[in-house]
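The values are calculated or read from the model by the stated rules, or taken from the named source; none is laboratory data. It should be emphasised that the depicted structure is a prediction, and the values quoted were computed from it without experimental measurement. Reconstructed Cβ throughout: ideal geometry from the backbone, glycine too, with neighbour counts over all protein chains shown. SASA here: full protein model, heavy atoms, side chains in, ligands and nucleic acids out. Shrake-Rupley method; radii C 1.70, N 1.55, O 1.52, S 1.80 Å.
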There are 2 protein chains.
Amino acid sequence: MPASNGMEGATSTCFSDADPNLRHLPKIADKIQYRQLEGRPFFSFEYFPPKTEQGVSNLYQRVERMTAAEPLFCDVTWGAGGSTSDLTLSLSGNIQKYLGVDVMMHLTCTNMPSGNVLEGLEGAKALGIRNILALRGDPPAGKEWTKCEDGFEHGTDLVRFIRANYGDYFGICVAGYPEGHPAGFLDGKMSFEDEMKHLKDKVDAGADFIITQMFYDVDCYLKFVRSCREQGITIPILPGILPIQNYMGFKRMTGFCKTKVPQAILDAIEQIKDNDVAVKQFGVRLGVDMCRRILKSGLSPGIHFYTLNLEKSAMAIIDQLDLIPQTESIRSLPWRPATVDKRRNENVRPIFWANRPKSYLDRTSTWDEYPNGRWGDNRSPAYGDLREYHLLGGGGWCSAAHRKDAAARYGELNDFEDVVDVFTRFQKGELKRLPWSETEELASETLVISAPLVWLNKNGLLTINSQPRVNAAPSSDVTVGWGSPGGYVYQKAYVEFFAKPQIVDALFEAAKDIPSLTIYAAKVKNDELRTNAKTKTTCAVTWGVFPDREIVQPTVVDPQSFKAWKSEAFAVWENVWADLYPKDSPSRKVLKELHDTLYLVNVVDNDYVGGDIFAVFKTVLASPTHASLFA
Amino acid sequence: MPASNGMEGATSTCFSDADPNLRHLPKIADKIQYRQLEGRPFFSFEYFPPKTEQGVSNLYQRVERMTAAEPLFCDVTWGAGGSTSDLTLSLSGNIQKYLGVDVMMHLTCTNMPSGNVLEGLEGAKALGIRNILALRGDPPAGKEWTKCEDGFEHGTDLVRFIRANYGDYFGICVAGYPEGHPAGFLDGKMSFEDEMKHLKDKVDAGADFIITQMFYDVDCYLKFVRSCREQGITIPILPGILPIQNYMGFKRMTGFCKTKVPQAILDAIEQIKDNDVAVKQFGVRLGVDMCRRILKSGLSPGIHFYTLNLEKSAMAIIDQLDLIPQTESIRSLPWRPATVDKRRNENVRPIFWANRPKSYLDRTSTWDEYPNGRWGDNRSPAYGDLREYHLLGGGGWCSAAHRKDAAARYGELNDFEDVVDVFTRFQKGELKRLPWSETEELASETLVISAPLVWLNKNGLLTINSQPRVNAAPSSDVTVGWGSPGGYVYQKAYVEFFAKPQIVDALFEAAKDIPSLTIYAAKVKNDELRTNAKTKTTCAVTWGVFPDREIVQPTVVDPQSFKAWKSEAFAVWENVWADLYPKDSPSRKVLKELHDTLYLVNVVDNDYVGGDIFAVFKTVLASPTHASLFA
């Protein structure tokens, strides 16, 4: 348990003490303070807006993967002179909304009138972004820096402007220059003392924390931090680390930023400059050494990485620094909580969207609180901007090439057996993704039940969602654990699948002998659900018991949202899967027919202590009806 | 599970399917319909307002005991001509509010102008009573029946009046006369057909069900029910059974009501008329036989008892009829739910008032919903009318005799050891009640931990509340079970006690090695609680997991309500206990000093799977500090 003394107010919301991302704290500076109190170092990642649509799509997927390691926040740069402002905004907004990590948006005031700055801030606010990195910024390439008519001269002016217009709404970060600002101090226009005074002004204007320009001289950085403290700058200072990726890039960047590089580093890299792999490895080793020294100094509570949108080096460094907890669960809830303000205290979701969390976040984004919202009529995935959805990895195929690739993976579908084969290959791990899933990863907990799931799929029960039963696993369990340490977590076994009507009939019949099973089933056109439930109420299927807490029940099955989910789940047959194949192709025909005739079924086994959810299917599949299924 | 088909709306609220009292249904007729659908016969009890205050107090305690057997409802008579209207109202209101059973209030229109009737109905409504037995009523003794100027002639007029003024707010019952109305039919003024027509009118005017006048001729009753059905009277009809208590009473009642008594019964009773015990036994045997025949006929779904405020005969009959479930839990929640409208869906209470539920109901009666209410400053038990509270068994001693008796039981208190002795005797079962408890019964679950509790008390930890840990007991478990069948219930171990400061210091010290323990402690004058809790949040200490349900967590420990409870718990030392002794007596002085110096402490062991809440006290009591406690 974290030492939360002195931050009682901050920790009173649900599960903050188990949440590595501290989602209940919208301001990064508060998160930093909390982690400082805990004595647990953190890291953060910076990204820039890619130039192509494919690049954007790749970046989203990279951010999503890297976010799984729980950076304290990530930030997105602002093109010089606002050149990428729209993309910066949409990237920042989507990461904030869909990926469950707090985003700090960069904002520069160079060559921009205050009206444009206001536009950027309004945009950020509308997207739920609560943190801004306020920069003067560089001029666009080839241009000189100029102060606009009604614009800003220094970063200080921007900080003041934000505080004047938004009060405490935004957390504000400013840049620090351990070696002095390249545009001033180094070419003699500004002394180190001037630079310090300038930084003190930015802090006094309302900055919450500082991230430094990249550097390779740790002594210089530590001296800088000590100088700041002497000047009365008490806010947190994070070192900006740029792992060396390759020789040319390194030379270009350090040249452009006029970065001081210690001779030993220069010597070492010169010797391996033609070996890209060796340079990268050296970059990681150097990064690890630098970070170790910095963290050991106690002068900085965490590390900020300039990732250049690259994944491996930064991840390797944090891995070697042991900054990612490996031996126990770090999930605060069984699903990844969102960071937009209205969802910070969200604590329950229907199980149905487990593999489509982005779709769920989008569909419920206007709700005040689940389950108080009302589902509209959603005959198709109600994802506002489907292009954005695909870019985010939602549909999985944003480009023609991706689509072709996916179609090839699934292959031609000539009959039900071909479809059964796709599902079976997916369950066996031979196929990356089903059209019903937003990501390529199978939840590790389903491995426990992969054998019976393969068996179900082979037999024509096409599973798209499931969880094993869990009876009082420690909350720290790596596979199924979540929430504060010292608790116990539970799950009712769940399986959801498409199946032919004969199977469904046989299932309801067989379930008569097993009172612990609750089944809901419907075809695409059924407005009413078929069920054996005596009362159509909400059923918790995942819950946890923790010290000094109310019971937390984050995942439920309820008939109302199943109706909404059903529409979406059926639409995937046509809108996502069939759409990959040419019009009038046999594959489309097969998928269309299954869309029209299959049932979507969900089964909960209420006996989480001793039940076997698969037992009923043995009865179902032993029946003579089943023998005729493939006839 | 009840066959709830066709009553889905009715069963969607929490736990109705496990609630023998069907508290979610305010109207008795709806409860009857539900029980008919379940095929589970019920019973109900009628009481009359006693003449003395002691009688009222005795009646409350009797009703509370009888209510534990879960009658479907109980009803309170209305003195002839409104002679007991105030007492009828307060009895009905208090039973409804405090005893967790729905009350049907009688209302007669004889010799009463409509204004008085309206007053009675308004009073009932204000008290949360939802059911009225509408009667013409008998004239006060010695008077002739007269129609008031603006009054009513028949029961039918009263039914119409209620429906006209209150719509569907009240459920309405009317009287049926299997042998004809004594004032009419029997003396030739009215035929059986007239009587039937009269009843049909009452039903058409809006009655929901019928209770008959007492009878001893079952054939006559069954014939009456069949006649009603033939006349198109389809509402439920309950037989009114008056168990024969003694010979003289039997003769008087049957004479007054002109009741037809079968010759065989008359013969049998004449033979034993001088043996009171034998008459009573005969009455029970006869009642059982009559009820068996009636229930077997399928014409009535339950039995109504005219108890004459007596307990044993009615209880013996329902016991022999096996109408009280014995082999599994019949509790819908771990505490007895209330039946007033605003509390029908109440599903959480702090554990602190477990032994003082009436005080809790009173203190929170103006709240919209726990825990949304705010505790006021309650330095003393905030029980509105303390006299009522005592009458209800709250303080336990409503009369001087009772008080004297209690003081004698506790004995003279010369020092802390004498007080320790009182608590220890209580834990051993040698003393009926502690001043902190509203009833004389120890919860059966505490028997499991009675040995360690005795040990704690012997050692100066004066326990007033506790529960053992429970890890997944079946919800049907007779001792700790509650809620729907097929579920599992859980408890965190809890113990609450008064103790000297040295003990409390040692406890906090010893608990440092046991992270699963959460302790709150305070003296009477402490505004702030001493605690080792890292976050002062609400902690569920009793919860249940049920098929197709959200997790139910009906009992919690939270620091806010502990503060409110603390004031009440300390006040008991002075206002309830010390108050039994003469002013300036040594006993008063001892109690006052303990009131001023002891801590009230509560301990939760969050490890409900494998914890031992008593282990920490072994360390505490082994310390040298403790040795000096009695010095």
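Of the numbered conditions (1) modelled with pLDDT of 95 or more; (2) open to solvent by less than 20 Å² (accessible area, probe 1.4 Å); (3) more than 14 Å from chain B (Cβ to nearest Cβ), A:Val620 fails exactly one; give the number of that condition.
Here A:Val620 clears every test but (1).
Can you pull out every residue in the stretch A:520-563 that is away from chain B (no Cβ under 13 Å) and assigned to a strand (DSSP E or B)?
Of everything in the stretch A:520-563, those that are away from chain B (no Cβ under 13 Å) and assigned to a strand (DSSP E or B) turn out to be A:Ala521, A:Ala522, A:Lys523, A:Arg530.
Restricting the stretch B:508-519 to residues that are more than 19 Å from B:Gly610 (Cβ to Cβ) and of a type outside the set (Lys, Arg), which is nearest to the other protein chains (Cβ to nearest Cβ)?
B:Ile519
Which members of the stretch A:239-256 meet the condition of being touching a helix residue (DSSP H, G or I) at 6+ places or on another chain (Cβ under 8 Å) and of a type outside the set (Phe, Trp, Tyr)?
As a first pass, look at the stretch A:239-256 and keep what is touching a helix residue (DSSP H, G or I) at 6+ places or on another chain (Cβ under 8 Å): A:239, A:241-247, A:250.
Scanning the stretch A:239-256 gives A:Pro239, A:Ile241, A:Leu242, A:Pro243, A:Ile244, A:Gln245, A:Asn246.
Under the condition of being of a type in the set (Phe, Trp, Tyr) and under 30 Å from B:Tyr490 (Cβ atoms), which residue from the stretch A:578-616 is most open to solvent (accessible area, probe 1.4 Å)?
Only one residue tops the list, namely A:Phe614.
Can you tell me which residues in the stretch B:297-319 are closer than 18 Å to B:Asn246 by Cβ, small (Gly, Ala, Ser) and open to solvent by less than 10 Å² (accessible area, probe 1.4 Å)? Walk me through it before giving the result.
So the first thing to find is which residues in the stretch B:297-319 are closer than 18 Å to B:Asn246 by Cβ, and the list is B:305-317.
Among the residues that remain, those that are also small (Gly, Ala, Ser) are: B:313-314, B:316.
Passing the criteria: B:Ser313, B:Ala314.
Hey, B:Gln467 hits all of (1) within 13 Å of another protein chain (Cβ to nearest Cβ); (2) touching a helix residue (DSSP H, G or I) at 6+ places or on another chain (Cβ under 8 Å); (3) open to solvent by less than 20 Å² (accessible area, probe 1.4 Å) but one; which does it fall short on?
(1)
Matching residues to (1) touching a Pro at 6+ places or on another chain (Cβ under 6 Å); (2) touching a residue at least 60 places away in the same chain (Cβ under 8 Å); (3) assigned by TED's automatic domain parsing to the domain that holds B:Asp168; (4) closer than 25 Å to B:Arg163 by Cβ:
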| residue | (1), (2), (3), (4) |
| --- | --- |
| B:Lys200 | no, no, yes, yes |
| B:Ile211 | no, yes, yes, yes |
| B:Cys220 | yes, no, yes, no |
| B:Lys223 | no, no, yes, no |
| B:Ile233 | no, no, yes, yes |
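Return the residues of the stretch A:236-260 that are of a type in the set (Val, Ile, Thr) and either within 19 Å of A:Lys312 (Cβ to Cβ) or at pLDDT 95 or above (or both); say none if nothing qualifies.
Here is the first cut: in the stretch A:236-260, the residues of a type in the set (Val, Ile, Thr) are A:237, A:241, A:244, A:254, A:259.
Once the filter is applied, which keeps residues that are of a type in the set (Val, Ile, Thr) and either within 19 Å of A:Lys312 (Cβ to Cβ) or at pLDDT 95 or above (or both), the stretch A:236-260 yields A:Ile237, A:Ile241, A:Ile244.
Looking at A:Ile294, A:Ile324 in this structure, which one is at pLDDT below 95 and either in a helix (DSSP H, G or I) or open to solvent by 20 Å² or more (accessible area, probe 1.4 Å) (or both)?
Working: A:Ile294 fails: at pLDDT below 95.
Answer to the selection: A:Ile324.
Would you check if A:Gly6 is modelled with pLDDT under 85, surrounded by fewer than 20 Cβ atoms within 10 Å (Cβ to Cβ) and within 14 Å of chain B (Cβ to nearest Cβ)? Write out each step before concluding.
Values: modelled with pLDDT under 85: yes; surrounded by fewer than 20 Cβ atoms within 10 Å (Cβ to Cβ): yes; within 14 Å of chain B (Cβ to nearest Cβ): yes.
Yes, satisfied.
Looking at A:Ala472, A:Ala499, A:Ala506, A:Ala522 in this structure, which one is in contact with a Phe, Trp or Tyr (Cβ under 7 Å, 6 or more places away or on another chain) and open to solvent by 10 Å² or more (accessible area, probe 1.4 Å)? Spell out how you get there, then give the answer.
Working: A:Ala499 fails: open to solvent by 10 Å² or more (accessible area, probe 1.4 Å); A:Ala506 fails: in contact with a Phe, Trp or Tyr (Cβ under 7 Å, 6 or more places away or on another chain); A:Ala522 fails: open to solvent by 10 Å² or more (accessible area, probe 1.4 Å).
Result: A:Ala472 is the single residue among A:Ala472, A:Ala499, A:Ala506, A:Ala522 that is in contact with a Phe, Trp or Tyr (Cβ under 7 Å, 6 or more places away or on another chain) and open to solvent by 10 Å² or more (accessible area, probe 1.4 Å).
Restricting the first residue to the stretch B:242-266 and requiring it to be touching a residue at least 40 places away in the same chain (Cβ under 8 Å), which pairs with a second residue that is part of a loop (DSSP other than H, G, I, E, B) meet a Cβ separation below 6 Å and a spacing of at least six or different chains?
Every condition considered, the pairs that remain are B:Cys257/B:Pro182; B:Lys258/B:Pro182; B:Lys260/B:Glu179; B:Lys260/B:Asp217; B:Val261/B:Tyr216; B:Pro262/B:Asp217; B:Ile265/B:Tyr216.
With the condition kept exactly as written, say whether any residue in the stretch B:21-28 is at pLDDT below 95 and either hydrophobic (A, V, I, L, M, F, W, C) or surrounded by fewer than 18 Cβ atoms within 10 Å (Cβ to Cβ) (or both).
Step one: filter the stretch B:21-28 for residues at pLDDT below 95, giving B:21-26.
Imposing the further condition that a residue be either hydrophobic (A, V, I, L, M, F, W, C) or surrounded by fewer than 18 Cβ atoms within 10 Å (Cβ to Cβ) (or both) reduces the set to B:22, B:25.
Looking through the stretch B:21-28, at least one residue is at pLDDT below 95 and either hydrophobic (A, V, I, L, M, F, W, C) or surrounded by fewer than 18 Cβ atoms within 10 Å (Cβ to Cβ) (or both).
For residues that are under 21 Å from B:Ile330 (Cα atoms) and hydroxyl-bearing (Ser, Thr, Tyr), scanning just the stretch B:29-69, find the one that is modelled with the highest pLDDT.
By that ranking, first place goes to B:Ser44.
Check B:Lys342 against each of (1) open to solvent by less than 30 Å² (accessible area, probe 1.4 Å); (2) modelled with pLDDT under 95; (3) not in a loop (DSSP other than H, G, I, E, B) and name the one condition it does not meet.
In the conditions (1) open to solvent by less than 30 Å² (accessible area, probe 1.4 Å); (2) modelled with pLDDT under 95; (3) not in a loop (DSSP other than H, G, I, E, B), B:Lys342 misses (1) alone.
Give the stretch A:579-612 a look and list any residue that's away from every other protein chain (no Cβ under 14 Å) and either touching a strand residue (DSSP E or B) at 6+ places or on another chain (Cβ under 6 Å) or assigned to a loop (DSSP other than H, G, I, E, B) (or both), or say none. Steps first, please.
As a first pass, look at the stretch A:579-612 and keep what is away from every other protein chain (no Cβ under 14 Å): A:579-601, A:612.
Once the filter is applied, which keeps residues that are away from every other protein chain (no Cβ under 14 Å) and either touching a strand residue (DSSP E or B) at 6+ places or on another chain (Cβ under 6 Å) or assigned to a loop (DSSP other than H, G, I, E, B) (or both), the stretch A:579-612 yields A:Tyr581, A:Pro582, A:Lys583, A:Asp584, A:Ser585, A:Leu598, A:Tyr599, A:Leu600, A:Val601, A:Asp612.
Would you check if B:Asn575 is farther than 22 Å from B:Trp367 by Cβ, open to solvent by 40 Å² or more (accessible area, probe 1.4 Å), outside any helix (DSSP H, G or I) and more than 14 Å from chain A (Cβ to nearest Cβ)?
Numbers: farther than 22 Å from B:Trp367 by Cβ: yes; open to solvent by 40 Å² or more (accessible area, probe 1.4 Å): yes; outside any helix (DSSP H, G or I): no; more than 14 Å from chain A (Cβ to nearest Cβ): yes.
No: the conditions fail for B:Asn575.
Does the stretch B:438-445 contain any residue that is in contact with a strand residue (DSSP E or B) (Cβ under 9 Å, 6 or more places away or on another chain) and within 14 Å of another protein chain (Cβ to nearest Cβ)? Spell out how you get there, then give the answer.
Keep residues of the stretch B:438-445 that are in contact with a strand residue (DSSP E or B) (Cβ under 9 Å, 6 or more places away or on another chain), which gives B:443, B:445.
Then keep just the ones that are within 14 Å of another protein chain (Cβ to nearest Cβ); that gives none.
Within the stretch B:438-445, none of the residues are in contact with a strand residue (DSSP E or B) (Cβ under 9 Å, 6 or more places away or on another chain) and within 14 Å of another protein chain (Cβ to nearest Cβ).
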